[in-house]
């Protein structure tokens, strides 16, 4: 009789351990500077931490309502109105989630059925494709231009068919730092108009945009807004990724389906943090100054890197920067990233793991959401390579 181990079949047999876990684990083992995983190494605002503590002391320590506390959903609704003149009903169209990844997982799980096709632009954040596969859907990859990271909209249009159920976009884009333009969003709107295709718009870096660029939220485009799950992250915005706090905004009919899964996935998320954020969001300067804050870090780091052998185009959004190492070595990016961690004591992320068929363009991703001290040390190491 076969053993249980031989009878058991994985639902995701081809999915390896996340590259973020691999590189961060190696960084810890090698005591290396960690520019791989996207998290700040500086403290979040002491005022926000004090608000969380205050909420705990005042007794907000039991389950929050399943969709999130109303005052926080109301504050988010007001933010949409101020920034984008877009209306989202706090009662029926906004849900507080355990970070952006949980919101993405829930939106896909709630709507994608077996054999449904989901268009994903690569390089892509690594949770999209496995989640589609987990629910029986079929990821359809569109490789972005390896240098410009532009989308070929004619290619996208040619992929639309009766099985297409969803498109997933991410702007500002991780890992490239690319920001979708108004023209990009209009092209997407024209393609999806008069279809039943859903859209996930991953906007977790919405406030981290540089050089005068404007965030083109999906809610600005009527034919997109009516079919879109907008995903956002407080962790990315307020320098506390370990809190795992985010939200999903979507029309009432989509939110109804979203919450059917959300209630059994996590039910509700950290109550005192919700109370704190409801107050913290009232001061819009807490998020409107974020672009300038990170642009200074980007510029500081790239100024230090100007004499290195790495080639780069300044990121236009997120807190990530791509570095091309083709003038340094012919190694594949994973091997080079691993060697840098072990030999040079600096951890980065190889981009090929996010590309279609692991296309290797000799590019690494680094995170500049770090203190000036960390960025200076990192640049000193990289400039010697």
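Read the figures in this text as sums done on the coordinates, not as results from a lab. What you are looking at is a predicted structure, and each value in this text was computed from that prediction instead of being measured. Here Cβ is always computed from backbone atoms with ideal geometry, including for glycine, and neighbour counts include all displayed protein chains.
Sorted largest first, the principal axis extents computed over the alpha-carbon atoms of segment 257-331 equal 51, 33, 20 Å. Between residue 115 and residue 279, the contour length at 0.36 nm per residue exceeds the alpha carbon distance by 54.7 nm.
Straightening the chain between residue 31 and residue 154 buys 39.6 nm, computed as 0.36 nm per residue apart minus the Cα-Cα spacing. Exposure proxy ranking for 257, 285, 372, based on other Cβ atoms within 10 angstrom of each Cβ and starting from the fewest, stands as 285, 372, 257. Label zone of residue 53 (point 7 Å out along Cα→Cβ, amide N under 13 Å): in segment 269-298 this covers no residue at all. Along its first, second and third principal axes, ordered by size, segment 208-357 spans 52, 36, 36 Å in Cα coordinates.
Prolate is the label for segment 87-136, because the ratio a/c of its alpha-carbon gyration tensor axes (a ≥ b ≥ c) is 1.5 or higher and a/b is greater than b/c.
Beta-bridge orientation, the chain: approximately 45 percent antiparallel, per DSSP, counting only bridges with both partners inside. How big is the antiparallel share of DSSP beta bridges in segment 62-285, given as a percent to the nearest 5? Roughly 30 percent of the beta bridges in segment 62-285 run antiparallel, per DSSP.
Ranked for footprinting exposure by Cβ neighbours inside 10 Å, fewest first, 361, 95 give 361, 95.
The protection proxy used here, the mean number of other Cβ atoms lying within 10 Å of each residue, ranks peptides 376-383, 77-84 as follows, highest first: 376-383, 77-84. Look at where the Cα atoms of segment 202-243 and of segment 341-375 average out, and the two centres are 23 Å apart. For residue 195 and residue 358, the FRET efficiency from 1/(1 + (r/R0)^6), where r spans their Cβ atoms and R0 equals 41 Å, is about 0.85.
Overall, the anisotropy analysis places segment 110-160 in the oblate class: the square-rooted eigenvalues a ≥ b ≥ c of its C-alpha gyration tensor yield a/c not less than 1.5, with a/b not exceeding b/c. With the convex hull of its Cα atoms as the shape, the chain has an orientation-averaged projected area of 21.0 nm². Each semi-axis of the equivalent ellipsoid for segment 62-285 is √(5λ) with λ an eigenvalue of the Cα gyration tensor; in descending order they amount to 27, 20, 16 Å. Overall size of segment 22-92 from C-alpha positions, given as principal axis extents largest first: 48, 35, 24 Å. Compared with the direct C-alpha span, the chain from residue 376 to residue 161 gains 72.4 nm at full extension, assuming 0.36 nm per residue. For the chain, averaging the sequence separation of C-alpha pairs within contact (under 8 Å, six or more residues apart) and dividing by the residue count gives a relative contact order of 25 percent. With each label modelled as a point 7 angstrom along the Cα→C-beta vector, the residue 293-residue 309 pair spans 3.7 nm. In this simple spin-label model, placing a label point 7 Å from the Cα along the Cα-to-Cβ direction at both residue 63 and residue 42 gives a separation of 4.0 nm. Over the residues of the chain, the helix contribution to mean residue ellipticity at 222 nm works out to -11500 deg cm²/dmol, using -39500 (n - 2.57) for each DSSP H run of at least 4. Distance between the 7 Å Cα→Cβ label points at residue 145 and residue 226: 3.2 nm.
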